[in-house]
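What follows is one structure encoded as structure tokens, with my remarks underneath.
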Amino acid sequence: MIRLMGRVPLLNEVKSLASLTLGTARDLAPIVGVVAVFQFLILRQPLDDVGEKLIGLLFVMAGLAIFIRGLELALFPIGESLADAFANKGSLFWLLLFAFSLGFGTTVAEPALIAVSREAARVMSDIGAVGASTAEQLRYADALRYTVAAAVGSSLVIGVMRILLGWPIHYLIIGGYVLVVIMTAFAPAEIIGIAYDSGGVTTSTVTVPLTTALGVGLASVIKGRNPMIDGFGLVAFASLLPIVFVLGFGIVGAVQ
């Protein structure tokens, strides 16, 4: 009986993973279909290494299924439980410090941002805006990465304040993008594309799950807040504020 009880959760996880894998296969089917149509009907070119590509596709489906299940089992519950604990603690300072630290830490660890910041440093070096040495490029890449991380941390602080005080999200988003348009007019041309891309790479595999869990968790435990209406929206700030910070980073660098 004990052995059977131990196997039941494992069997349930296997069934859950199998269901998620089928779901990811269904989600990937349109992408595969588009590629196949253009490959065979438009370009009319044979596909090399079909076996390897099929194996890779299977790895993608399995990886996505495992990743989604991991979010459900670990990151979402952790984020919501921490939000619940800090909200019940009743200390605004510690809650805001936690929000900033969460945004900063997850963004610094974001693989997409690391790759983009290094590529940006290389391109800036090619045009002469950054020194050609590896050390100078790494310094620029790190400065850019920590600027974006500080922006995401600040965005979560604003997002948490919005949830606590009930600020309308559309006013903040509209005001933020008006500021982006104004700053774009004064920023160096070479930093504008990097700034806009920085807003996109922050909303990736590490940052989004914990950010969403924080918002939903807070809205769930604060009286008068709706998780659906008030809990979501933190990711929008995490995409917007890095653009502002990186544009400011470029303006300050140009002045110096």
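The values are calculated or read from the model by the stated rules, or taken from the named source; none is laboratory data. The shown structure was predicted, so the numbers you read here are calculated from the model rather than taken from an experiment. Cβ atoms come from the backbone with ideal geometry, glycine included; neighbour counts cover every protein chain shown. Accessible surface areas use protein heavy atoms only, side chains included; no ligands, DNA or RNA. Shrake-Rupley method; radii C 1.70, N 1.55, O 1.52, S 1.80 Å.
For Ala74 and Ala135, calculate 0.36 nm times their separation in residues minus their Cα-Cα distance, and state this gained length in nm to one decimal.
Full extension from Ala74 to Ala135 adds 18.2 nm.
Under unit Cβ charges (Lys, Arg +1; Asp, Glu -1), what dipole magnitude, rounded to 20 debye, does the chain have relative to its Cα centre?
Result for the chain is approximately 680 debye, rounded to the nearest 20.
With an 8 Å cut-off on Cα pairs and a minimum separation of 6 or more residues, tell me the relative contact order of the chain in percent.
Averaging sequence separation for qualifying contacts and normalising by length gives 23 percent for the chain.
Near Lys89, which lysines are there with a Cα under 17 Å away, not counting those fewer than 8 places off in the same chain?
Lys223
Taking only Cα atoms and a 10 Å spring cutoff, compute GNM fluctuations for the chain and point out the largest among Val130, Val37, Val108.
Residue with maximal mean-square fluctuation among Val130, Val37, Val108: Val37.
List every DSSP H helix in the chain whose Cα atoms extend 15 Å or more along the helix's own long axis and whose mean Kyte-Doolittle hydropathy is at least 0.5.
Qualifying helices: 2-36, 50-70, 92-108, 134-165, 169-186, 189-201, 207-221, 234-255.
Once every Cα of the range 77-200 carries one equal point scatterer and solvent is ignored, give the base-10 log of I(q)/I(0) from the Debye formula at q = 0.09, 0.12, 0.20 Å⁻¹, two decimals.
Reported log10 I(q)/I(0), two decimals: -0.34, -0.57, -1.14.
Put +1 on the Cβ of every Lys and Arg and -1 on every Asp and Glu Cβ in the chain; which of Ala62, Ala143, Val123 then has its Cα farthest towards the positive end of the dipole?
Positive-most Cα among the choices belongs to Ala62.
For Rg/Rh (Cα atoms, Kirkwood Rh), several values are listed as (1) 1.05; (2) 0.94; (3) 1.01; flag the one computed from this structure.
Identified label for the calculated read-out: (1).
Starting from the residue with the highest accessible area, list Asp84, Asp27 in decreasing order, probe 1.4 Å.
Asp27, Asp84
Taking the Cα atoms of the range 200-254, what is the range of coordinates along each of the three principal axes, in descending order and whole Å?
47, 24, 13
Pop the C-beta distance of Leu17 and Ile42 into the FRET formula with R0 = 35 Å and round what comes out to the nearest 0.05.
0.45
Give me log10 I(q)/I(0) at q = 0.14, 0.20, 0.22 Å⁻¹ for the range 163-216, Debye formula, one equal scatterer per alpha-carbon, no solvent.
-0.56, -0.93, -0.99
Skip the ligands, DNA and RNA, and give the accessible area per residue of the chain with a 1.4 Å probe, whole Å².
I get 57 Å² per residue for this part.
Based on DSSP H runs of at least 4 residues, each adding -39500 (n - 2.57), what is the mean residue ellipticity at 222 nm of the chain after dividing by all its residues, to the nearest 500 deg cm²/dmol?
Only helices count here, giving -27500 deg cm²/dmol.
Within the chain, what is the longest stretch that has no trypsin sites (Lys or Arg not before Pro) placed in a DSSP loop and near at most 13 other beta-carbon atoms within 10 Å?
Result, exposed sites excluded: 45-222.
With the full set of protein chains in place, find how many percent of the accessible area of the range 143-241 is carbon and sulfur; take the probe as 1.4 Å.
Looking at the range 143-241 in its full context, I get 72 percent from C and S.
Where the convex hull is taken over the Cα atoms of the range 8-140, what is its projected area averaged over directions, in nm²?
Dividing the Cα hull surface by four gives the mean projection, 14.7 nm².
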